[in-house]
Every structure is written in structure tokens, then in C-alpha cells.
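Just so it is clear, none of the values below were taken in a lab; they were calculated from the coordinates. Since we're looking at a predicted model, the values are computed, not measured. In this analysis, Cβ positions are derived from the backbone assuming ideal geometry, glycine residues included, and neighbour counts consider all displayed protein chains.
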Amino acid sequence: MRFVTAGRLRRLEREAEQAQDRARDVQAQADAAWSRHVRELYTATGRAERAEAAASEVASLLSGAVEELSAAQRELLLKDIEIRRLREELSRGPREGETLTVLLHYGEPHAVYASRDDAHADTTTHGIPADHVWTPCGERPPSASTWRCEAFTYNPATNGFHRACPPAPRTLEGAA
């Protein structure tokens with residue numbers, strides 16, 4: 001059996017106080033470590049959420065850019081096909097019976113078109129309404145019309161284009 005003496009009791013009380021002080025210090029250190037951990041976790045979570053949002057935005061932008069690139073590549077391919085077709089057409093030259101339409105302004109050549117429709121469409125840029133009804137000019141001279149379309153057909157024998165509808169021959173009075 002051990003006897004409890006006043007000195008031993010004071011020593012046990014001091015040791016208990018020291019243990020409580022040490023426990024409070026350890027608890028304070030643990031609380032501080034826990035607080036740091038929670039702050040770091042909150043900061044890391046915020047960074048991860050911002051990175052995830054940025055990655056989502058970049059993915060959306062990239063998706064749009066890929067779609068635009070794909071559309072541009074399709075358009076480029078179509079233009080390349082059209083350029084090749086036009087080069088082939090240009091290299092073969094005109095064929096017999098092929099027509100061109102000349103747009104005349106007061107009888108003077110203004111522009112040459114592959115078709116009458118193209119010529120009519122261009123006259124809208126010169127103030128002619130799109131619904132304008134084109135009528136045959138008959139025997140009137142080209143200079144009598146503000147705008148006039150004349151068709152020309154390719155003739156390989158002469159290597160040139162000639163009026164598709166030549167004017168009717170006029171009889172000269174007094175000619176022999």
C-alpha cells in the first residue's frame with residue numbers, strides 16, 4: 001500500500017496540471033492543423049472547380065472551332081471542285097452551238113455572260129427591277145434600247161461567236 005502524502009499529492013496535482021496544459025497545447029495544434037487542412041481543401045476544391053469550368057469552356061470553344069473548321073474544309077473542297085470544273089471548261093474551249101449573252105447598254109457592249117438569266121440578274125444592279133419583263137426588240141437597232149441582251153452562238157468554222165438571231169436583211173431602195 002502506498003501512502004499519499006501532501007508532497008506526493010502536490011506533485012500529482014502539478015503533473016495533472018502539466019498534462020492538462022500539454023493536452024490543451026496538443027488540442028490547439030490539432031485544431032490548427034485541422035483548420036489548415038480544411039482551408040487547403042477548400043482552396044484546392046475551388047481551384048479544381050475553376051479548372052473544371054475552364055476545361056468545359058475550352059472544350060465548348062474547341063468543339064465550335066472543329067465545327068467551323070469542318071465547314072470551311074467542306075466549302076474549300078466544293079470550291080476546289082468548282083475551280084477544277086471551270087479549268088477543264090476553259091481548257092476545252094467553246095463548243096459548237098454554245099451561246100453567250102452580251103448585255104448592251106444603248107447598243108454598246110456592257111458585259112458578257114454565260115447565260116441570258118445571268119445577264120438579266122445583273123441588270124438589277126443597274127436599276128432594272130427584278131420582275132422586269134424582257135421583250136424581243138424586233139427590228140429596232142440596238143442603240144434604241146437602254147438595256148438589251150443579245151445571244152451569240154459559237155461557230156467552229158469561223159472560230160468565233162455570231163449573233164444567234166441575225167437581223168432580217170433589209171432591202172435597199174434603188175439597189176440593183
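In the chain, if the dipole is taken from +1 on Lys/Arg beta carbons and -1 on Asp/Glu beta carbons about the Cα centre, which of Gln29, Ala48, Ser91 is farthest to the positive end?
Of the listed residues, the answer is Gln29.
If R0 is 30 Å, what FRET efficiency do you get for Thr99 and Ser70 from their C-beta distance, rounded to 0.05? Walk me through the intermediate numbers first.
Values: r = 39 Å, r/R0 = 1.31.
According to the calculation, E is roughly 0.15.
Taking the chain as a Gaussian network, Cα atoms linked when under 10 Å apart, which of Ala59, Ala23, Ala72 shows the biggest mean-square fluctuation?
Taking springs between Cα atoms under 10 Å, the residue moving most is Ala23.
Output the 0 to 90 degree angle, nearest 10, between the alpha-carbon long axis of helix 6-92 and the longest principal axis computed from the alpha carbons of the chain.
10
Any idea how far apart Ala54 and Arg92 come out in nm if each label point goes 7 Å out from Cα toward Cβ?
With each label placed 7 Å out from Cα toward Cβ, I get 5.8 nm.
Once you charge only the Cβ atoms, +1 for Lys and Arg and -1 for Asp and Glu, what is the size of the charge dipole of the chain about its Cα centre, to the nearest 20 debye? Working shown, then result.
Working: 23 positive and 27 negative charges, 275 e Å.
Computed charge dipole of the chain: roughly 1320 debye.
Mind listing which chymotrypsin sites (Phe, Trp or Tyr not before Pro) in the range 76-136 are in a DSSP loop and have 16 or fewer other Cβ atoms within 10 Å?
Values: sites: Tyr106, Tyr113, Trp134; in loops: Tyr106, Trp134.
Filter output for the range 76-136: Tyr106, Trp134.
List every residue whose amide H lies under 5 Å from the amide H of Ser115, counting only residues 5 or more places away in sequence or on a different chain, with H placed 1.01 Å from N in the peptide plane.
For Ser115, whose amide H was placed from the backbone, the distant partners under 5 Å are Thr101.
Which values, in whole Å and largest first, are the semi-axes of the equivalent ellipsoid of the chain obtained as the square root of 5 times each eigenvalue of the Cα gyration tensor? List each step's numbers first, then the result.
Working: eigenvalues 2209, 71, 13 Å².
Calculated on Cα positions only, the semi-axes equal 105, 19, 8 Å.
Which distance in Å, rounded to a whole number, links the C-alpha centroids of the range 31-62 and the range 101-166?
Going from one Cα centre to the other spans 72 Å.
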